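The block underneath contains the structure these notes are about, expressed in structure tokens.
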Amino acid sequence: MFLGNNDRAMRVPAALAEVLRTMPRMAVAFSGGLDSRFLCHAALLCGCDVLAVHACGPHIPPQESEEAAAWAQTCALPLQV
């Protein structure tokens, strides 16, 4: 759900918040690493409807997928694996 301006969005860098406000719904390629966590968190703070999409397979260590899922659950971030 897109909420527009709010106090939480004030924590997001202004240029990024401006871009995120133009994308009320988004899917983010979510590795669980710092970059994808930051983008998902910033989008949530700006009121965006975010779906995190995580790939798993033999090329992804199982612990990485577990940590990504745990972080998403902690943040109430919808996650598709």
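The values are calculated or read from the model by the stated rules, or taken from the named source; none is laboratory data. All values derive from a computational prediction rather than experimental measurement. Every residue, glycine among them, receives a Cβ derived from its backbone with ideal geometry; neighbour counts consider all protein chains shown. Accessible surface areas use protein heavy atoms only, side chains included; no ligands, DNA or RNA. Shrake-Rupley method; radii C 1.70, N 1.55, O 1.52, S 1.80 Å.
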**Fill in**
Contact list, first residue from the range 27-51 and closer than 13 Å to PRO13 by Cβ and of a type in the set (A, V, I, L, M), second anywhere and assigned to a helix (DSSP H, G or I) and open to solvent by 30 Å² or more (accessible area, probe 1.4 Å), beta-carbon distance below 7 Å, six or more apart or interchain, is ALA42/LEU16; LEU45/ARG8; LEU45/ARG11
**Request:** Just give me the residues in the range 1-31 being assigned to a helix (DSSP H, G or I) and either modelled with pLDDT under 90 or open to solvent by 40 Å² or more (accessible area, probe 1.4 Å) (or both), in sequence order.
**Result:** ARG8, ALA9, MET10, ARG11, ALA14, ALA15, LEU16, GLU18, VAL19
**Asked** Residue check: is CYS40 open to solvent by 70 Å² or more (accessible area, probe 1.4 Å) and of a type outside the set (Gly, Ala, Ser)?
**Response** no
